[in-house]
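**Q** Before we start, here is the structure in question, set down as structure tokens.
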Amino acid sequence: MPLAKYVEYLKRTPLFSGLTTGQLEEIDSIVLARSYKKGRMIFAEGEPGEAVFILKSGLVKLTRQAEDGREHILHLVHPGDIFAEIVLFDGGNYPATAEVLEDASVAVIRNRDIEGLIIGNSHVALAMLKIMAGRLRQAQEKVINLALNDTLRRLVQVLLHMAEEHGENTGAGVRISMRLTNQELANLIGTTRETINRILNGLKRDGSLEVDKQGIVLLNKDKLQKLL
């Protein structure tokens, strides 16, 4: 990939947006480019944490396995997001598994290469702290959502959040183009696939949404908002 193209991409990434072109070129020199097909694992829970990752394109899910063997989705990673950043600070193993949901292009930066950059640059250090704080806020909101809301409200809240962050306006409504299976939606909110099927069918019947091969379309966001 030409140097200028990668520098421009890094500049648009929140972690590095405050850096000069010279500093971005320095980072460019330590980035390793990787591509992963759908279904591949980037790293597994418990493996030594050796690098941080930035998703350039595609979709990645971060999961942990519960004691009963069920998968729990912690976070969906979208283009521009950094992930596995926690290992940079604690030097431990990866606390989750990263699996590719849509063919992905990933920038990999090894811990030993980025440590010096963070120590010597307050912009990167501050941006990393903001990202970590955002992750903590998301985790807290998810715990509150699980504790206070029933399954219908949990699913509606997740769909509205996806529409807000990654939705595309169409003539019919807002399309969530992420191709998540009903099992993955269930794993995201802590329920069963059968429950997700039942709720989606109910929301389709009352005209709130529709589901096709390209994803979910929210036909009436106001009606969904009222359910909360």
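The values are calculated or read from the model by the stated rules, or taken from the named source; none is laboratory data. For clarity, every value in this text was computed on a predicted model and none was experimentally measured. These accessible areas exclude ligands, DNA and RNA; they are computed on the full protein's heavy atoms, side chains included. Shrake-Rupley method; radii C 1.70, N 1.55, O 1.52, S 1.80 Å.
**Q** For the chain, with equal point scatterers placed on the C-alpha atoms only and solvent neglected, what are the log10 I(q)/I(0) values from the Debye formula at q = 0.11, 0.12, 0.17 1/Å, to two decimals?
**A** For the chain, the Cα-only Debye profile gives -0.62, -0.73, -1.27.
**Q** Sticking with this structure for a sec: Apply the membrane-span-like helix rule to the chain: whole DSSP H runs, Cα extent along the own long axis of at least 20 Å, mean Kyte-Doolittle hydropathy at least -1.0. List the helices found.
**A** Flagged H segments are 122-148, 151-166.
**Q** Using the heavy atoms of the protein chains and a 1.4 angstrom probe, tell me the accessible area per residue for the stretch 1-131 in square angstrom.
**A** Per-residue value: 51 Å².
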